[in-house]
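Chemist: Can you read through this structure? Questions will come right after.
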Amino acid sequence: MKREIDSAISADLKAASADSFADSIKMLDVSEIMPNKDNFYEMSEIELLAEDIERQNLKHNLVVAKDKDSGKYWLISGHRRLEAIKFLINEKRRQSTKVPCIVNGEKSQAESRLDLIMLNATQRKYSDKEVMSEYEQLTETLKQLESEGKKLSGRMRDIMAKILNVSKSQVGKIDNIKHNAVPAVEQAVKSGKMSISTANEVARLAPEKQKDIAEKKPDISHKEVKEIQKTSPPPLKTAPSVKPPAAKAENGNISQPPKVEQIKPKYAPCTLSESETEVLARYIEQLMKLASKDDITVINGIKERLTRA
């Protein structure tokens, strides 16, 4: 039975037929297409785009992937175009509710999210905050894909740099921000107030200094941070634990040192006065001198005296 195709569908099909993926193109109703909830790219000037589509029809197909569970389609590319078409439909300015889509296989949401990131990453970056969002989404996506049994070969930093279309050093800066920056600094990058390069340098400062900069001057320049680094001590780092060397027994065999049971502190931390600190410092000094002689009895005696104090 011959069907009547309205002018909007006819124009869309004509544009679709010129695409190199014509065999994978399918006319889908907008109700079948699920916008990817992980899309964090800016959705601006929708009405302006709608006017352009209304004037010269849809020039580029949407890219979707069939959802393995629902049978609907995850939107990979064309979020602004889909919103513009929905706007025209709601405004009664477009009769057809169908759009041409390139169906890029059947995928899970995590796989569709990865496609979304990779497709947008090849385009020009508008801000560091989008790169930061891409990094976070990609990290979560790769973990989810791994849990689904899909692994990517190679070093993680190299993989992320390639997918995000940035340098490995840029990924390293974001790693440093994620691991060493206080939340306020990270938020400053996400809001667009601080660049990744500047935040990378701020993350090398002590936490209280980082917070102060993020709250009072998030638009601080890279040069200003470098000057602050010259006069500010680096953040304290916990010293790595040293494993005691194995001792040789009389028979020549290596005997492992006895395991020391970790004892949780009995009392909560407290603040000492200046005089109390001086007294404790003298006891510690005395303790260190006596401990060098491995005199356990004397050390225990000092411990009892400290307990009674």
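Chemist: For segment 192-224, enumerate the residues that are within 21 Å of Y135 (Cα to Cα) and in contact with a Pro (Cβ under 8 Å, 6 or more places away or on another chain).
Modeler: K193, M194, R204
Chemist: Contact list please: Cβ distance under 7 Å, first residue in segment 189-204 and over 13 Å from E215 (Cα atoms) and in contact (Cβ under 8 Å) with a residue 24 or more places away in the chain, second residue part of a helix (DSSP H, G or I) and of a type in the set (K, R), pairs at least six apart or on different chains.
Modeler: Close Cβ pairs satisfying both conditions: K190/K129; G192/K129; I196/K173; S197/K173; N200/K173; E201/K226.
Chemist: Next up: If only one of I89, I102, I117, I76 is free of Cβ contacts under 8 Å to residues at least 60 places away in the same chain and more than 26 Å from the chain's Cα centre (by Cα), which one is it?
Modeler: Residue meeting the stated conditions: I89.
Chemist: Hey, another quick one. When only residues in segment 97-131 that are closer than 29 Å to G71 by Cα and polar (S, T, N, Q) count, which is modelled with the lowest pLDDT?
Modeler: Among those that are closer than 29 Å to G71 by Cα and polar (S, T, N, Q), it is T122.
Chemist: Can you tell me which of S147, S127, S70, S133 is farther than 20 Å from M27 by Cβ, free of Cβ contacts under 8 Å to residues at least 60 places away in the same chain and not β-branched (V, I, T)?
Modeler: Values: S127 fails: free of Cβ contacts under 8 Å to residues at least 60 places away in the same chain; S70 fails: farther than 20 Å from M27 by Cβ; S133 fails: free of Cβ contacts under 8 Å to residues at least 60 places away in the same chain.
Just a single option satisfies the conditions, and that option is S147.
Chemist: Name every residue in segment 154-187 that is among the polar types (S, T, N, Q), more than 21 Å from I220 (Cα to Cα) and either within 14 Å of the chain's Cα centre (by Cα) or outside any loop (DSSP other than H, G, I, E, B) (or both), in order of residue number.
Modeler: S169
The values are calculated or read from the model by the stated rules, or taken from the named source; none is laboratory data. Predicted model, so just to flag it, every value in this text is computed and none were measured. Every residue, glycine as well, gets a Cβ built from its backbone with ideal geometry; the counts of neighbours run over all protein chains shown.
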